[in-house]
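Below is one structure, written out as structure tokens; comments come after it.
The values are calculated or read from the model by the stated rules, or taken from the named source; none is laboratory data. In this text, all values refer to a predicted model and were calculated from it rather than measured experimentally. So basically every Cβ, Gly included, is an ideal-geometry build from the backbone, and we count neighbours across all protein chains shown.
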Ligand code: 0A1
Ligand code: ZN
């Protein structure tokens, strides 16, 4: 590999301010896919406290053409170039360094720095990609003001974009043209971006609350431009919402968003020029599902909100990553919740948190929200940093309340605008605005592992005394650190025999307000006196803290809570608990299955409920979410029991499901109104259950033929494939023909093929990997074919003969050479391997060891090493 194998570990404790800063940057690009030249003029300043520190700039894979210091060519004796950077010797005062380098976008398959996607050139610089463009002090606490000039062939690259405000453009000789941009806001180099290509756009004007006129543009390849409408409208909604809810306005004359077919992650918040994976931009009713539409709005919001939480206030160092990501995820969650259904959004977010982050925190890749060390920062764009990070912000919001929280954020933004902040800076603002002591709360950032809260109760019928004993405990994580009690807001409710909420506050040593206690010690007791009967308790409404609840509910109590609790999340959790008890503890809990079936029947029969909520409760958790509740994972048993439960639900409610399916008429379902989306959701859950009992798959066939949305077409196809219906192959072929040209819809088709829950799906994956649809340089395709196969097809990927594992490991070494970040991410699908049965674990371990012994990128070596422990 082009990076040294034994790379040093970087530690938060070793942070030191930069010895040299760049204050101004002038970049001139002569763009060409084959060979681009970059001229960089950097105004450099030494730290006055350390004037003798060497001038060291980061740089990788750069071909030096010229170098000059303060206008004078620099002789070779005055500088040194090595594999990771440039050292200029004998400077100790402010200076101007000019370098000219050649870089090769066409062969840049890592998609970091400047690369080619389709016919366009574009950049990705977070976290450390800028050093692949030019020599620079590539760290987030070095912010500079940029002027950028782009020069390129006018025919090949008619559109030229970079950060900031346009500052001139014109023609050059021999068919070239130029465009200049000035970004007045100082920024770290990870927020630099440029795009050059043949692109079309949709645009709209926006006037900010402080009266600035902004042109908002969404760019894509010309044929895709009509599919940018939803992204454009989502942007305008995000801009308005951030003004209203957080008082944050946009700060440049233009805001550009560009769709890229080749993109390693989801999207990137480059200042004024967001670059997106095309799947989070392009949408119409025929090529995007309802979930895609929602995800697009949310990712658009996320990247836009970074303009303040990330760009205006950036990070001191990469350990603080959650400072921007956790806060921005919280902001995007609130955006969706304010615009749509808050209850459904919380269920979605908690499902993701529990299935991804809780699992991560319980496995070999567990790490604190603010890691103490890393060898490759790209491996820390994780569910823990993002989703648990957002939960920490949510807890602060709960503890402080909306108004004080808002004041605290205003203080944080005002104090650190244009600067590089730390988690402590955010907590200081929260503390100052609220007057609260957050010293213990800060542990959430540095302690890995999901806390468990064990609740035990006692009721004395003679006195009516009722006690809840709450004990928190965080299980050990691979770092071996000692776990301390956390400060966490614990919401609760008690219901009396008439299903009324008991308003009396408990006696307790914990700080409290109605419906919530703040746990700080390892144990607390809540005590009520004189209750007429044992009440029914409910806990963690809205998931008030990212913790696992341990309370041994009787099935009948879960069924009752599912009816009476006011918090939708708790009701949904009751259904989840009943499913888990039925699948995992069938013998110990024989009453769980009938209680679940009765509860689902009641939900299905109640047409006053939001169909989306009913659909969420009726959708049985996937195998991995169930496995997360087990110490050892018996995959075969889990699969069998889960399937049996689904069959039972389908059998018990055949009539109700059919009635709901038929009543939610497709004629009324064509649009994107919330009612249509909710109806489709329930209808498709019902279809999936109904098709289990109908080998001819009549309804699914009809739905596939008549579908007027991609959501309905895909749901019908998935139902046909799951039961191997007679018409499944023809439907699959018809779908493929209909969408053959579009890579994103092809990914949908491939997802169905590779996740078909049959052992012979391995053959289909093998065929795809040998055919023209396999494009290992395209991250979306890799994620679709190998990622979905490994994560979402337990039956085929985890086949006992190891054929599934072999497919993944056949490709991983090559993928690692192409794009290390993508390769490393595929490995994370193996996170639970040690908890699988001995045969499977042994096969995976053998593959992992053989893989880890190869010369690997830092990314893959790090993940493989941690998986092996
Ligand atoms: N900051 C982006 C995530 C991101 C991270 C790394 C990337 O390239 C390797 C790209 C994007 C976000 O939170 O959306
Ligand atoms: Zn982000």
query: Of the conditions (1) within 23 Å of residue 747 (Cβ to Cβ); (2) touching a strand residue (DSSP E or B) at 6+ places or on another chain (Cβ under 8 Å); (3) within 16 Å of ligand 2 (Cβ to nearest atom), residue 312 fails just one. Which one is it?
result: (1)
field: Conditions (1) under 30 Å from residue 630 (Cα atoms); (2) away from ligand 1 (no atom under 11 Å from the Cβ); (3) outside the structural domain of residue 235 (by TED's automatic domain parsing); number of the one not met by residue 334
entry: (1)
field: Unique match (being more than 16 Å from ligand 2 (Cβ to nearest atom), in a loop (DSSP other than H, G, I, E, B) and in the same structural domain as residue 31 (by TED's automatic domain parsing)) among 151, 131, 139
entry: 139
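Determine, yes or no, whether residue 164 is more than 20 Å from residue 45 (Cα to Cα), modelled with pLDDT of 95 or more, within 16 Å of ligand 1 (Cβ to nearest atom) and buried (at least 20 other Cβ atoms within 10 Å of the Cβ). Before you say what the answer is, go through the steps one by one.
Values: more than 20 Å from residue 45 (Cα to Cα): yes; modelled with pLDDT of 95 or more: yes; within 16 Å of ligand 1 (Cβ to nearest atom): no; buried (at least 20 other Cβ atoms within 10 Å of the Cβ): yes.
For residue 164, the condition - more than 20 Å from residue 45 (Cα to Cα), modelled with pLDDT of 95 or more, within 16 Å of ligand 1 (Cβ to nearest atom) and buried (at least 20 other Cβ atoms within 10 Å of the Cβ) - is not met.
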message: Going by what's in this entry, would residue 238 be described as away from ligand 1 (no atom under 13 Å from the Cβ), assigned to a loop (DSSP other than H, G, I, E, B) and out of contact with any strand residue (DSSP E or B) (no Cβ under 6 Å at 6 or more places or on another chain)?
response: no
- line: Of (1) in a loop (DSSP other than H, G, I, E, B); (2) surrounded by fewer than 17 Cβ atoms within 10 Å (Cβ to Cβ), residue 620 satisfies every one except (2)
- line: Per the list (1) away from ligand 2 (no atom under 13 Å from the Cβ); (2) touching a residue at least 40 places away in the same chain (Cβ under 8 Å); (3) over 26 Å from residue 165 (Cβ atoms), residue check on residue 295 breaks on (2)
Breaking point among (1) under 32 Å from the mean Cα position of the chain (by Cα); (2) under 20 Å from residue 687 (Cα atoms), for residue 653: (1)
statement: Taking segment 848-863 and keeping residues touching a residue at least 40 places away in the same chain (Cβ under 8 Å), in contact with a helix residue (DSSP H, G or I) (Cβ under 7 Å, 6 or more places away or on another chain) and closer than 11 Å to residue 809 by Cβ leaves 851, 854
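Please find, among 640, 589, 593, 632, the residue that is within 29 Å of the chain's Cα centre (by Cα), closer than 30 Å to residue 800 by Cα and modelled with pLDDT of 95 or more. Steps first, please.
Numbers: 640 fails: within 29 Å of the chain's Cα centre (by Cα); 589 fails: within 29 Å of the chain's Cα centre (by Cα); 593 fails: within 29 Å of the chain's Cα centre (by Cα).
Testing whether each residue is within 29 Å of the chain's Cα centre (by Cα), closer than 30 Å to residue 800 by Cα and modelled with pLDDT of 95 or more leaves just 632.
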- prompt: Just checking, how many residues over segment 183-198 are closer than 16 Å to residue 416 by Cβ and assigned to a helix (DSSP H, G or I)?
  reply: 1
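Within the bounds of segment 284-292, is there any residue that is within 12 Å of ligand 2 (Cβ to nearest atom), on the phi < 0 side of the Ramachandran plot and buried (at least 20 other Cβ atoms within 10 Å of the Cβ)? Lay out the reasoning, then the answer.
Start the filter on segment 284-292 by keeping residues that are within 12 Å of ligand 2 (Cβ to nearest atom), which leaves none.
No, the conditions are met nowhere in segment 284-292.
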message: Looking at segment 534-560 only, could you name the residues that are touching a strand residue (DSSP E or B) at 6+ places or on another chain (Cβ under 6 Å) and assigned to a loop (DSSP other than H, G, I, E, B)?
response: 534, 535, 540, 541, 544, 545, 547, 551
- prompt: What number of residues within segment 260-271 are farther than 22 Å from residue 325 by Cβ and either outside any loop (DSSP other than H, G, I, E, B) or within 16 Å of ligand 2 (Cβ to nearest atom) (or both)?
  reply: 0
statement: In the set 660, 693, the lone residue that is at negative phi, surrounded by 20 or more Cβ atoms within 10 Å (Cβ to Cβ) and in contact with a helix residue (DSSP H, G or I) (Cβ under 8 Å, 6 or more places away or on another chain) is 660
query: Quick one: how many residues across segment 88-115 are within 16 Å of ligand 1 (Cβ to nearest atom) and part of a strand (DSSP E or B)?
result: 3
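Here is a yes/no grid of residues against (1) in contact with a helix residue (DSSP H, G or I) (Cβ under 6 Å, 6 or more places away or on another chain); (2) free of Cβ contacts under 8 Å to residues at least 24 places away in the same chain:
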residue	(1), (2)
199	no, no
220	yes, no
223	no, yes
226	no, no
239	no, no
247	no, no
252	no, no
255	no, no
262	no, no
query: Is it the case that some residue within segment 275-283 is away from ligand 2 (no atom under 15 Å from the Cβ) and part of a helix (DSSP H, G or I)?
result: yes
statement: Within segment 306-327, the residues that are assigned to a helix (DSSP H, G or I) and near ligand 1 (Cβ under 10 Å from one of its atoms) are 321, 324, 325
field: Out of 277, 270, sole residue that is within 11 Å of ligand 1 (Cβ to nearest atom) and surrounded by fewer than 24 Cβ atoms within 10 Å (Cβ to Cβ)
entry: 277
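Identify, from the list 702, 658, 716, 729, the residue that is out of contact with any strand residue (DSSP E or B) (no Cβ under 6 Å at 6 or more places or on another chain), under 17 Å from residue 289 (Cβ atoms) and in a helix (DSSP H, G or I). Steps first, please.
Values: 702 fails: under 17 Å from residue 289 (Cβ atoms); 658 fails: under 17 Å from residue 289 (Cβ atoms); 729 fails: under 17 Å from residue 289 (Cβ atoms).
Being out of contact with any strand residue (DSSP E or B) (no Cβ under 6 Å at 6 or more places or on another chain), under 17 Å from residue 289 (Cβ atoms) and in a helix (DSSP H, G or I) holds for just one of 702, 658, 716, 729, which is 716.
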query: Restricting to strands (runs of 3 or more DSSP E) lying wholly in segment 470-533: which have 2 or more residues that are surrounded by fewer than 17 Cβ atoms within 10 Å (Cβ to Cβ)?
result: 511-513, 523-528
Residue in segment 653-676 that is more than 28 Å from residue 345 (Cα to Cα) and in contact (Cβ under 8 Å) with a residue 24 or more places away in the chain present: yes
query: (1) outside any helix (DSSP H, G or I); (2) away from ligand 2 (no atom under 13 Å from the Cβ): which one isn't true of residue 338, the others all being true?
result: (1)
